[in-house]
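Enquirer: The following block contains the structure, expressed as structure tokens.
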Amino acid sequence: MVHHSSESFFVVDVKSKQHLDLILMELKELVLNKSVEAFSQGEDGVLRYQGRLCVPNVDGLREKILEVAHGSRYSIHPGATMMYRDLWEVYWWNCLKKDIVGFVAKCPNCQQVKAEHQKPGGLFQDIDIPTWKWEEVNMDFVVGLPRTRRQHDSIWVIIDRMTKSTHFIPVKVTFSAEDYAKLYIKGVVKLHGVPFSIILYREDMLRACVIDFKGNWDDHLPLIEFAYNNSYHSSIAMAPFEALYGRRCRSPVGWFELVSHVSMLKKGIGDPVSILPLEGLGVDEKFWLRFWTPKGP
């Protein structure tokens, strides 16, 4: 069966099974009698709590949502906080946060790669707050991974400090500086330009994904990258995808409205008075490519 809808499969399932949960049915009666304020029922007959879908406790539906939000091909073994914020935007049920914490704590892959978080010695150096996207980046390497068919054994992580949007690039420990330079131009510079600063310094989440995908983890790295960039980050109070493009991206768990912010679109539109006509413009044999990075919004 092929599912074609403007809503995710889980959203459709939640709406169609609310009548099977006796507690939700009692809440619907209270809503009709105007005995509760936080709950509401729309014209579609669906019960919501502060605008979020009330998930019935039937057919293991809540557990299925947790499984997809944490360990599916569209998720990246997020921690409890990140996972809670992603689900909180769409769903509600009693003890949602408690269930998420318990689910993550029982994930065998996460426990296998869980790192000990110890207080580092010495003082931290203050880092300037970036003023534009992809002007300042952080880099990290996840090494010692199982070797794939293409002989990749490491992941090069490149993070934009402003939006937290990230690229995951499969690499080999034997790569030379020239190899990394070529990959950087192909995977980052051609998309975002040349950054002003680079800091070398996320590993648990990627190792958990590698355990899932085993010997062909590099084939799935683009999907892992998408999942990471579409997950909530507390440091920017949104998903990197939203910070970069102005809206959330749809996923199997949450079918977010595809609404672009007009204010953000206007920033990308030039002044019509200063636009030059195309007639008479051309490219001669002296044309060459130069990289330019804007210094402000």
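Taken together, the values in this text are just the output of simple stated rules run on the coordinates, not laboratory data. From a predicted model like this one, the values you see are computed outputs, not experimental measurements. Cβ atoms come from the backbone with ideal geometry, glycine included; neighbour counts cover every protein chain shown.
Enquirer: If each residue's Cβ is checked for other Cβ atoms within 10 Å, how do F175, F241 rank with the fewest at the top?
Expert: Fewest-to-most Cβ neighbours within 10 Å comes out as F175, F241.
Enquirer: Here's a follow-up. Separation of the range 85-105 and the range 57-71 by C-alpha centroid, Å?
Expert: Distance between centres, Cα-based: 10 Å.
Enquirer: Then there is this: Using Cβ counts within 10 Å as a stand-in for footprinting exposure, how do H19, H192, H233, H70 rank, fewest first?
Expert: Listing H19, H192, H233, H70 from fewest to most nearby Cβ atoms yields H19, H192, H233, H70.
Enquirer: Let me ask something else about it. Pairs to check: K28/K97; K64/K186; K15/K97; K98/K164. Give those whose C-alpha atoms are more than 31 Å from each other in this structure.
Expert: K64/K186
Enquirer: If all Cα-Cα distances of the range 9-112 are sorted into 5 Å bins from 0 onward, what percent lands in each bin, rounded to whole numbers?
Expert: Each 5 Å bin holds this share of Cα pairs: 2, 12, 23, 22, 17, 11, 7, 3, 1, 0, 0.
Enquirer: Arranged by the count of other C-beta atoms within 10 angstrom, fewest first, what order do R85, R149 take?
Expert: Least crowded to most crowded, the residues run R149, R85.
Enquirer: Further question: Multiply the residue separation of E43 and W88 by 0.36 nm, subtract the distance between their alpha-carbon atoms, and state the gained length in nm to one decimal.
Expert: Full extension of this stretch gives 13.9 nm more.
Enquirer: Provide the gained length on full extension for the span I23 to F175, in nm with one decimal, where the gain is 0.36 nm per separating residue minus the Cα-Cα distance.
Expert: The I23-F175 span can extend by a further 48.8 nm.
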